[in-house]
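Below is one structure, written out as structure tokens; comments come after it.
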Amino acid sequence: MRSRLSAVVGVLTIVVTGVVLLGTLLWMAWLWWRTPGIVRAAEAGIAAPFDPTELRAGWISDLLAIEDPAFFSHHGIDLWTPGGGWTTISQGLAKDLYFEEFRPGPMAKLEQSLAALVLDARVSKDRQLRLFLGRVYMGEAPGGPVHGFSSAAQTWLGKDILELDRSEFLSLVAMVIGPNEYGVATRPQRNAERRGRIERLLAGACRPTGWGDVTYEACAR
């Protein structure tokens, strides 16, 4: 009797596993098919679009060194690059583009990561970068949420994105990890402290201590 029950449980386990895998593959195929339309709609909704190539030389490299050091080499997820943290640009975009409601948790992170693999396979890195710069959340203003670097420059610094100096641009970079916690206008001291760590990291004076080190403790004065 016990051996028969074990056999039944084994068969059920195989069936359930197969159903889950099939469902996951179908869901990813559905995302694959929908991605071009989703991306076009997202691009059309950018309030203040701009071409990243118009930024000053080295600024995109500065941004990626902080936000996603292996952006141009990974395939959507990155679990090993020092300072990479939990979320790549591709994963952040997947969360923004594919999920109407995202509740943090292990299963949600798995779904986000699988979606990021699809996104990275379907959308070029340059296009992902433009989407990120145009749509990333950059804090709450009196008129509502601010999205994108161009809107953030206008809202928080009163300048066009192309008029910023490097320190001002890095002030916006410093906000991305927590726009309301490190707001350049709303929390200037915290922003300046994080920007200082970023500047020391970019200068080679320190480096992340591991994959999850996104606050750069070794870069504190």
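The values are calculated or read from the model by the stated rules, or taken from the named source; none is laboratory data. Only a predicted model underlies this, so the values are computations on that prediction, with no experimental measurement involved. Positions of Cβ are generated from backbone atoms using ideal geometry, with glycine treated the same way; all protein chains shown enter the neighbour counts. All accessible areas refer to the heavy atoms of the entire protein, side chains included, with ligands and DNA or RNA removed. Shrake-Rupley method; radii C 1.70, N 1.55, O 1.52, S 1.80 Å.
Structure above, values below:
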| item | result |
| --- | --- |
| Residue tally, condition out of contact with any Gly (no Cβ under 9 Å at 6 or more places or on another chain) and closer than 14 Å to F132 by Cα, over segment 73-97 | 8 |
| Residues of segment 144-161 satisfying the condition of being in contact (Cβ under 8 Å) with a residue 40 or more places away in the chain and open to solvent by 70 Å² or more (accessible area, probe 1.4 Å) | H147, Q154 |
| Residue tally, condition buried (at least 17 other Cβ atoms within 10 Å of the Cβ) and more than 23 Å from A203 (Cα to Cα), over segment 162-182 | 1 |
| Hey, R200 free of Cβ contacts under 8 Å to residues at least 60 places away in the same chain and basic (K, R) or not | yes |
| Condition check for R56: assigned to a helix (DSSP H, G or I), charged (D, E, K, R) and modelled with pLDDT under 95 | no |
| Residue in segment 110-122 that is over 14 Å from the mean Cα position of the chain (by Cα), farther than 17 Å from T88 by Cα and not hydrophobic (A, V, I, L, M, F, W, C) present | no |
| Subset of segment 183-221 [open to solvent by 70 Å² or more (accessible area, probe 1.4 Å), polar (S, T, N, Q) and not in a loop (DSSP other than H, G, I, E, B)] | Q189 |
| Single match in W27, W32 (criterion: hydrophobic (A, V, I, L, M, F, W, C), in a helix (DSSP H, G or I) and modelled with pLDDT of 85 or more) | W32 |
| Residues (within 19 Å of the chain's Cα centre (by Cα) and within 25 Å of G196 (Cα to Cα)) located in segment 35-69 | P52, W59, I60, S61, D62, L63, L64, A65, I66, E67, D68, P69 |
| K95 open to solvent by less than 70 Å² (accessible area, probe 1.4 Å), closer than 30 Å to A218 by Cβ and either assigned to a helix (DSSP H, G or I) or in contact with a Phe, Trp or Tyr (Cβ under 7 Å, 6 or more places away or on another chain) (or both) | no |
| Subset of segment 36-81 (residues that are exposed (fewer than 14 other Cβ atoms within 10 Å of the Cβ), of a type outside the set (G, A, S) and more than 17 Å from S124 (Cβ to Cβ)) | E54, R56, L79, W80 |
| Single residue of A70, A48 found to be modelled with pLDDT of 95 or more and closer than 30 Å to S150 by Cβ | A70 |
| Unique match (being touching an Asp or Glu at 6+ places or on another chain (Cβ under 9 Å), open to solvent by 80 Å² or more (accessible area, probe 1.4 Å) and under 20 Å from F72 (Cα atoms)) among R122, R130 | R130 |
| E140 being open to solvent by 70 Å² or more (accessible area, probe 1.4 Å), within 21 Å of K95 (Cα to Cα) and either assigned to a helix (DSSP H, G or I) or touching a residue at least 40 places away in the same chain (Cβ under 8 Å) (or both) | yes |
| Check on Q112, in contact with a Lys or Arg (Cβ under 6 Å, 6 or more places away or on another chain), open to solvent by less than 50 Å² (accessible area, probe 1.4 Å), closer than 17 Å to T35 by Cβ and part of a helix (DSSP H, G or I) | yes |
